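J.: I'd like to ask you about the structure that follows.
Rule-based calculations on the coordinates, nothing more; no lab input. Note that this is a predicted model, so its numbers are computed, not measured. Here the Cβ is made from the backbone with ideal geometry for all residues, glycine too, and neighbour counts use every protein chain on show.
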Amino acid sequence: MTPPLALAVDFGGTKVESALVTSEGEVVPDSRHRAPTGREATSEQLQASVREVVERALDAADGEDLVGVGIGCAGPIDRARGLVSPLNVPNWRDYDLRSFVESVLAERGLELPVTLEMDGVAITMAEHWVGAAQGVDNVMGMVVSTGIGGGLIVGGRVITGPTGNAGHIGHVEVAGYEGEDTFGKATSLEAIASGPHTVAWARRQGFSGTNGEALAAAYAAGDPVARAAIERTGRAVGQAIASATALLDLELVAIGGGFSQATPDLFEVINATIAEHYFGFVRKVRVVASGLSGEGPLIGAGALVHRAELLPAR
């Protein structure tokens, strides 16, 4: 008997991906597909990209037992109404992504449940299910990449909040730092410590590179500006995690995303910053790298279907 599959969709600021995910938390080989999104994309182009990856995943399923569709999307979102307003995709504001995916399914004669949650929620569920947070029931999952996002599991249950945006740690303020005024709030963690904003700070200090890969290479080569930039980001992330732990008594934070892999030293700086906190219950939180590599967001979107019992009612 063929095991049930979830059609997983991950929508972010630069790309949308799809894949088939098994009930064991594995991405089905050759079922993963990608299309571009981005700041300059029109609503029609964004729809075309989502349609493309959903249809290609349906083709890959080829009649196998699909039990639902899970969508993890960059926030903010409105989980009750299925609307998305991804910060780095300005041409979608209150866009009804859930209904659009339902319409693509209907064109194929399919009627499946479609679950939409913030991408931070999805990645946290993936880490709890098959990643670095297995067996831990008070967890924050984080992504440090083009943006900074997060999600929460507290007491073994996913915390979404009424709108679906609980865990949006990229938009908490961090004392003592100032980044770029991208969101009207230069003191938010994302404005300080995301990959592009870390590079922007380094460039203001004289760094000539233009992206996170160049900054990571310069760090490895001992460039003092690159090292100062990574350390600054690590301290800011550590402060934000310490504040979240003081609020929620977290046990573990698992961090993924491309920029989190710039150097293992980033985690050392984060943990050293937390170790300076005056409360022992804050110092006890462990911060580790994601256990899921690049498949984490899609596994998380699959978890919205296969682990739906952890989610609050919509």
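J.: Using just the helices of the chain, give the 222 nm mean residue ellipticity in deg cm²/dmol: DSSP H runs with n ≥ 4 each add -39,500 (n - 2.57), and the total is spread over all residues, rounded to 500. Can you show the working numbers first?
T.: Values: 10 runs with 116 residues, N = 314.
Roughly -11500 deg cm²/dmol at 222 nm, from the helical runs in the chain.
J.: Taking neighbour counts of Cβ atoms within 10 Å as a proxy for exposure, in what order, fewest first, do Thr210, Thr198, Thr160 appear? Display every interim value, and only then the final one.
T.: Details: Thr210 12, Thr198 26, Thr160 21.
Ascending number of Cβ neighbours within 10 Å: Thr210, Thr160, Thr198.
J.: Sticking with this one: List the chymotrypsin sites (Phe, Trp or Tyr not before Pro) within region 141-246 that fall in a DSSP loop (any state other than H, G, I, E or B) and whose Cβ has at most 16 other Cβ atoms within 10 Å. Each step should come with its number before you reach the end.
T.: Working: sites: Tyr177, Phe183, Trp201, Phe207, Tyr219; in loops: Tyr177, Phe183, Phe207.
Taking region 141-246 and a limit of 16 other Cβ atoms within 10 Å, the loop chymotrypsin sites (Phe, Trp or Tyr not before Pro) found are Phe183.
J.: Can I ask one more? For Asp181 and Glu111, what is the calculated FRET efficiency with R₀ set at 45 Å and r taken between the beta-carbons, to the nearest 0.05?
T.: Details: r = 46 Å, r/R0 = 1.01.
Using R0 = 45 Å, I get an efficiency of 0.50.
J.: Here's something else I'd like to know. Calculate the dipole size of region 134-291 relative to its Cα centre from +1 charges on Lys and Arg beta carbons and -1 charges on Asp and Glu beta carbons; express the result in debye to the nearest 20. Display every interim value, and only then the final one.
T.: Values: 10 positive and 14 negative charges, 16 e Å.
Roughly 80 debye, rounded to the nearest 20.
J.: How much length would be gained if the chain were fully extended between Ala220 and Glu251, taking 0.36 nm per residue of separation minus their Cα-Cα distance, in nm to one decimal? Walk me through the numbers before you get to the answer.
T.: Numbers: separation 31, 0.36 × 31 = 11.16 nm, distance 3.06 nm.
In short, 8.1 nm is gained.
J.: Nearest 5 is fine: what % of DSSP beta bridges in region 134-291 come out antiparallel, could you say? Let's see the in-between values first.
T.: Details: 11 of 20 bridges.
Antiparallel bridges make up about 55 percent of those DSSP assigns within region 134-291.
J.: To continue, here is another question. Which ordering of Glu64, Glu24, Glu190 is given by a fewest-first count of other beta-carbon atoms within 10 Å?
T.: By the 10 Å Cβ count, ascending: Glu24, Glu64, Glu190.
J.: So, in nm, how far is label Glu213 from label Glu173 when the simple model puts each one 7 Å beyond its Cα toward the Cβ?
T.: 3.7
J.: Sticking with this structure for a sec: Sorting Leu189, Leu87 on the 10 Å Cβ count, fewest up front, what's the list?
T.: On the way: Leu189 30, Leu87 18.
In increasing order of surrounding Cβ atoms, one gets Leu87, Leu189.
J.: Continuing with the same structure: Would you mind calculating the gained length between Glu26 and Ala313 on full extension (0.36 nm times residue separation, minus the Cα-Cα distance), in nm to one decimal? List each step's numbers first, then the result.
T.: Values: separation 287, 0.36 × 287 = 103.32 nm, distance 2.54 nm.
So the chain would gain 100.8 nm between Glu26 and Ala313.
J.: Hey, another quick one. Check which residues have an amide H placed less than 5 Å from Gly257's amide H, if you skip close sequence neighbours.
T.: Here Val144 satisfy the definition.
J.: Right, next: Can you pull the one-decimal nm distance between simple spin-label points at Lys284 and Thr42, each 7 Å off the Cα toward Cβ?
T.: The modelled label-to-label distance comes out at 5.6 nm.
J.: When averaged across all projection directions, what area in nm² does the alpha-carbon convex hull of the chain cover?
T.: Numbers: hull surface 62.7 nm².
Mean projected area for the chain: 15.7 nm², to one decimal.
J.: Anyone know which of Gln45, Gln261, Gln239 comes out most mobile in the 10 Å Cα GNM of the chain?
T.: Most flexible of the set in this elastic network: Gln45.
J.: Quick one: Debye curve from the C-alpha atoms of region 134-291, no solvent, what's log10 I(q)/I(0) at q = 0.17, 0.19 Å⁻¹?
T.: After summing over all Cα pairs, the log10 values are -0.94, -1.16.
J.: In whole Hz and in residue order, list the ³J(HN,Hα) couplings for region 45-51 that follow from phi through the Karplus curve 6.51 cos²θ - 1.76 cosθ + 1.60, θ = phi - 60°; x for Gly and Pro.
T.: Coupling constants for region 45-51: 5, 5, 4, 4, 5, 5, 4 Hz.
J.: Mind checking the angle between helix 265-274 and the chain's longest principal axis? C-alpha axes, 0 to 90 degrees, to the nearest 10.
T.: 70
J.: If packing is taken as the mean number of other Cβ atoms within 10 Å per residue, what is the order of 69-82, 127-140, highest first?
T.: Sorting 69-82, 127-140 by mean packing, highest first, produces 69-82, 127-140.
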